[in-house]
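Down below is the structure, laid out as structure tokens.
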Amino acid sequence: MCVEKSNFFKENPTINAFFLGSFSGSISAILLQPLDVVKTRLQNPSQVMKGSSEYQGMSATFLKIVQKERLRGLWKGTIPSLTRSVPGVGLYFSSLHYMRTQFLNDRVANPFESIIMGIVARSFAEATLMPITVIKTRFESGIYAYKTIFSALKEIVHNEGIKGMARGLTPSLFRDAPFSGLYFMFYTQSKLAVPNEWMTSVYASPIHFLCACTASFLATLVTQPPDIIKTKMQLHPEKFPGIWPAIKYIKFHYGFAGFFKGIFPRMLRRALVAGISWTVYERFT
């Protein structure tokens, strides 16, 4: 049975890439959900609207969540996060594998090819799973009292129509498409800088982890502003119906620094997700 299963994945490497990506996505989603919750609360405009100054830093936000909602508050939105991350990471890796085998014949992509492949793979996964992203963000915010994913889906469609399920898609693509393109380029190029003998030694997994984290740090820094805009549009669609109102609000209330609110938890989470995902993927492919 095990042999048949092993042979099946060897004969279907794209499916194997999907399952490996889904597996790594589930691990990172569960372990790192608190960082996503903290990031969403830091970006949450309702605190400013109410004149509250509770969520002013990563540590303070973390402690406030634990005080008010206990430890389980740090894992708010875990189910929608898993619902999005598991197939999302799987789709991302399987898309990359398909493009690499079909168009590059398994050779290493050059920087331009890496950017294009990363953009295409992420855009496909992002657009497919956008409804779950909207629900996940609202679960994490503490604003909405949704009880289940299905009830959230039903309420959003009832109140906002089908377009409510795609709320924030444009800034999400502006954030994630370039992020993934830059990230994949940084990752492939950083691996080329490592001696070949190191990549086949016992240090291969730590090197993959380090390369993935470094690439993620750089890509996150560049793409943080669209993440802020996306969060505001998804949490308060009545106040931010488009990108421009959100940009004006951020600039007026926070200045330029407002476009980088929540960057540290996002940077840390992105780096760890990337490190875990690519280390698992490279280890078993």
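Summing Lys and Arg as +1 and Asp and Glu as -1 over all other residues whose Cβ lies under 9 Å from the Cβ of I250 gives a net charge of +4.
Taking every C-alpha pair closer than 8 Å and separated by at least 6 residues, the mean separation divided by the residue count of the chain gives a relative contact order of 25 percent.
Mind ordering 184-196, 144-156 by average Cβ neighbours within 10 Å, highest first? List each step's numbers first, then the result.
Details: 184-196: 16.6, 144-156: 14.6.
Order by mean packing, descending: 184-196, 144-156.
Each Lys or Arg adds one and each Asp or Glu subtracts one; over the other residues with Cβ under 14 Å from the Cβ of G21, this totals +3. When the listed pairs K147/K232; K64/K261; K76/K163 are checked against a 19 Å cut-off, the alpha-carbon distance exceeds it for K147/K232; K76/K163. Straight-line reach from K251: taking Cα to Cα under 20 Å and skipping same-chain neighbours fewer than 8 places apart, the aspartates and glutamates in range are D227, E238. Whole angstrom only: what separates the Cα centroid of segment 106-180 from the Cα centroid of segment 61-78? Each part's Cα centre sits 23 Å from the other's.
Once every DSSP H run of n ≥ 4 in the chain is given -39500 (n - 2.57) and the sum is divided by its residues, what mean residue ellipticity at 222 nm do you get, rounded to the nearest 500 deg cm²/dmol?
Rounded to the nearest 500, it is -25500 deg cm²/dmol.
For a protection proxy built on the mean count of beta-carbon atoms within 10 angstrom, sort 79-91, 107-119 highest first, please. Display every interim value, and only then the final one.
Details: 79-91: 22.5, 107-119: 17.6.
So the order, starting with the most tightly packed, is 79-91, 107-119.
Quick note: the coordinates plus some simple rules give every number you see, no bench work behind them. Predicted model, so just to flag it, every value in this text is computed and none were measured. We place every Cβ from the backbone using ideal geometry, glycine too, and count neighbours over all the protein chains shown.
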